[in-house]
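**Student:** Structure below; questions to follow.
The values are calculated or read from the model by the stated rules, or taken from the named source; none is laboratory data. Predicted model, so just to flag it, every value in this text is computed and none were measured. Here the Cβ positions follow ideal geometry from the backbone for every residue, glycine too, while neighbour counts run over all protein chains shown.
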Amino acid sequence: MPGSDRTSRPQPPKGASRLPGDGRPDRLLDVLYARRGQFVMVSELAHGAAVAMKEVPSALEQLRRRGHRLQTSPGGIMLERPVVIDSHLVEHGLDTRRVGRHVLCFGVTDSTNDVAMSGAAQKDADGLAVFAHAQRRGRGRFGRSWSSPAGANVLMSVLLVEAPQPLPHEALTIAAALAVAEAAQEVCGAPCRLRWPNDVLLEGRKTAGVLVERRRGRGQAATVIGIGVNVNAAPPASQIGREAACLAQHAGEPIECNEVARAVLRRLDDWLARLARPEEAEALHQAWQQRCGTLGMRLRVLCDGKVYQGRVVDVSPLEGLMLSCDDGRQLHLPAERSTVVD
């Protein structure tokens, strides 16, 4: 759906990043974001945002409550970089068809996947994108935790209210990981590679992950695509058991999470639209292969409680990893039930 339909968004739950009906903070934010990292005179800020001088302090306080770091000096007001995720900034110029038709942002929540899934019962919730500065119980696949310092990275989930024939779990996982890799290259030139089933790597270190979950409630099925991207910080190896990387390390400077979030939503929206046409599955296959660092490698894969070892022959958007096992068998191992054993 076009971006103009976003006026029909559901009422933001408690803790969401905006107060409905008051556009003054958003207009101030637009001016400050365009000049982020620089001081803007209060008179210039008020004029550029079409806000009365007497209304500026209360509007700025609303921005602070949304998590924005503002410095005040005789030279004016400065929005500190990197700027935390904000629904208004993510939506600005987004113009997607499905993904991100509604955008909500929270300061802290248990899990963006859970928040997004809870919205499935609302009318017109398809395409809802939920962001958070921090998660109390962020999770990855198979119950693993996802750790991220508050405000530094992209923590997001996208809700898809399923059609009669939903897209395969495998295709959604691959499309989401590919969308992240493409977005990272678009925003900061990071040459990300993909490791089946759900990892995005930068210089061989994990930079992002994907968690696709499906649930059925009240007679309706829904899918949530959870995505975590290390934009400005990465957890230490001692905490997660492997080396991780963030996009800012590659760029040599802070990266704006809002730009990454917007790019991911656009790329994911495009891939989901293409996957609705069966003939586009091959395009996803080829795009994955171009970034896949797994083809030809020897892997040990845990699937349904059994470990299989062999050489990776292919990755299918519909059937999963094709493994040429050491015992001579060729198996398709689905992403939904598989993980690579290090």
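**Student:** For the range 319-342, name all the residues that are among the basic types (K, R) and either under 23 Å from L178 (Cβ atoms) or surrounded by 15 or more Cβ atoms within 10 Å (Cβ to Cβ) (or both).
**Tutor:** Result: R337, single match.
**Student:** Where the second residue is assigned to a loop (DSSP other than H, G, I, E, B) and the first is without any contact (Cβ under 8 Å) to a residue 12 or more places away in the chain and lies in the range 226-248, which pairs have Cβ atoms under 6 Å and are six or more apart or on separate chains?
**Tutor:** Once the first residue is without any contact (Cβ under 8 Å) to a residue 12 or more places away in the chain and sits in the range 226-248, its partners that are assigned to a loop (DSSP other than H, G, I, E, B) give A237/E243.
**Student:** Inside the range 303-318, can you point out the residues that are in contact (Cβ under 8 Å) with a residue 24 or more places away in the chain, surrounded by fewer than 18 Cβ atoms within 10 Å (Cβ to Cβ) and farther than 18 Å from V210 by Cβ?
**Tutor:** Selection gives D304, V307.
**Student:** Under the condition of being part of a strand (DSSP E or B) and either surrounded by fewer than 21 Cβ atoms within 10 Å (Cβ to Cβ) or of a type in the set (A, V, I, L, M, F, W, C) (or both), which residue from the range 152-163 is farthest from the chain's Cα centre (by Cα)?
**Tutor:** Going through the qualifying residues, I end up with V161.
**Student:** Related question: Please identify the pairs in which a residue from the range 256-272 that is farther than 23 Å from L167 by Cα has its Cβ atom under 7 Å from the Cβ atom of a residue that is outside any helix (DSSP H, G or I) and among the polar types (S, T, N, Q), counting only partners at least 6 apart or on another chain.
**Tutor:** Every condition considered, the pairs that remain are C257/N153.
**Student:** Something else about it: Check every one of the helices (runs of 4 or more DSSP H) wholly within the range 41-132 and list those with 2 or more residues that are touching a Lys or Arg at 6+ places or on another chain (Cβ under 7 Å).
**Tutor:** Details: elements: 42-49, 56-65, 87-91, 112-118.
Those helices (runs of 4 or more DSSP H) span 87-91.
**Student:** Turning to a different aspect of this structure: Determine whether the range 164-183 contains at least one residue that is closer than 18 Å to L128 by Cβ, in contact (Cβ under 8 Å) with a residue 12 or more places away in the chain, more than 16 Å from the chain's Cα centre (by Cα) and crowded, with 19+ Cβ neighbours inside 10 Å.
**Tutor:** Yes.
**Student:** Being among the aliphatic types (A, V, I, L, M), under 16 Å from V154 (Cβ atoms) and modelled with pLDDT under 95 narrows it down to one of V99, V115, V103, V90, so name that one.
**Tutor:** V115
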